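The values are calculated or read from the model by the stated rules, or taken from the named source; none is laboratory data. For clarity, every value in this text was computed on a predicted model and none was experimentally measured. Cβ placement follows ideal geometry from the backbone for every residue including glycine, while neighbour counts extend to all protein chains displayed.
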Amino acid sequence: MKQILLFLALTSTVLFSSCEGDQGPPGQDGINILGQVFETSVNFQYDAPSGVFVSPFTSFPVDVFESDVILAYRFEGQEIVNGEAVDIWNPLPRSIFYQDGTGDLFEFSFNNTFFDIQFVIDGNFDLSTLNDPNFLNNQTFRVAIVPAEFASSNLTMEDLLQGLQINPTEIETID
């Protein structure tokens, strides 16, 4: 019995010990791509033909590609956390119940191209009666532009190597 335990101990030591070898060639440094964020304040105007409130178009301060993702947040106020005032942001679209008990609801949303963004207020009631400056004037929005690329489902190894600018002859093979 002792010999079996000794054999198992030696076998597991050999099996679970790691092998070490040459470090290998160093790789290239990666690139650091960060999204861009900016804030804008707008006043809404009622657009009678469409029955909604719209903001003026705000141009993006950076280059945006058609595949990039646009996220928008509405400033809701501040809260004191650990003795410091911090901003509160709500993602769009954002629905707001208006005039308790009436069932009136309106929503902040946005439309965008890869040139600009426009904020919209739409609702389930006649918005021409909405005249609350707390929702219509000096509304601050934070816009995040997240870099992205359209997915390609038929990417070949050659396409990948070409995109990464790697020469196939430089790939080390393991014998």
Inside the stretch 78-114, can you point out the residues that are outside any strand (DSSP E or B) and among the polar types (S, T, N, Q)? 82, 99, 102, 113
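Each row is one residue, and each column tells you yes or no for (1) at pLDDT 90 or above; (2) among the aliphatic types (A, V, I, L, M).
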residue: 3; (1), (2): no, no
residue: 8; (1), (2): no, yes
residue: 19; (1), (2): no, no
residue: 24; (1), (2): no, no
residue: 32; (1), (2): no, no
residue: 37; (1), (2): yes, yes
residue: 40; (1), (2): yes, no
residue: 49; (1), (2): yes, no
residue: 75; (1), (2): yes, no
Note down all Cβ pairs under 6 Å where the first residue falls in the stretch 37-50 and is more than 18 Å from residue 73 (Cβ to Cβ), the second is aromatic (Phe, Trp, Tyr), and they're at least six residues apart or on different chains. 46/53
Here is a list of conditions, (1) exposed (fewer than 14 other Cβ atoms within 10 Å of the Cβ); (2) farther than 21 Å from residue 51 by Cβ; (3) among the aromatic types (Phe, Trp, Tyr), and residue 97 meets all of them except one; can you say which number that is? (2)
Quick check on my filter: what residues within the stretch 116-131 are in contact (Cβ under 8 Å) with a residue 12 or more places away in the chain and either among the charged types (D, E, K, R) or surrounded by fewer than 16 Cβ atoms within 10 Å (Cβ to Cβ) (or both)? 116, 118, 122, 124, 125, 126, 128
Of everything in the stretch 147-161, what is part of a loop (DSSP other than H, G, I, E, B), out of contact with any strand residue (DSSP E or B) (no Cβ under 9 Å at 6 or more places or on another chain) and either under 30 Å from residue 90 (Cβ atoms) or not hydroxyl-bearing (Ser, Thr, Tyr) (or both)? Give them in sequence order. 149, 150, 151, 154, 155
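Here's the yes/no breakdown for (1) within 18 Å of residue 146 (Cβ to Cβ); (2) under 26 Å from the mean Cα position of the chain (by Cα):
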site: 47; (1), (2): no, no
site: 52; (1), (2): no, no
site: 55; (1), (2): no, yes
site: 60; (1), (2): yes, yes
site: 63; (1), (2): yes, yes
site: 119; (1), (2): no, yes
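Among the residues that make up the stretch 132-146, is at least one of them hydroxyl-bearing (Ser, Thr, Tyr) and not in a strand (DSSP E or B)?
Within the stretch 132-146 (the criterion being hydroxyl-bearing (Ser, Thr, Tyr) and not in a strand (DSSP E or B)), the answer is no, since none of the residues qualifies.
Quick check on this structure: which one of 122, 132 is under 16 Å from residue 51 (Cβ atoms), of a type outside the set (Val, Ile, Thr) and modelled with pLDDT of 90 or more?
122
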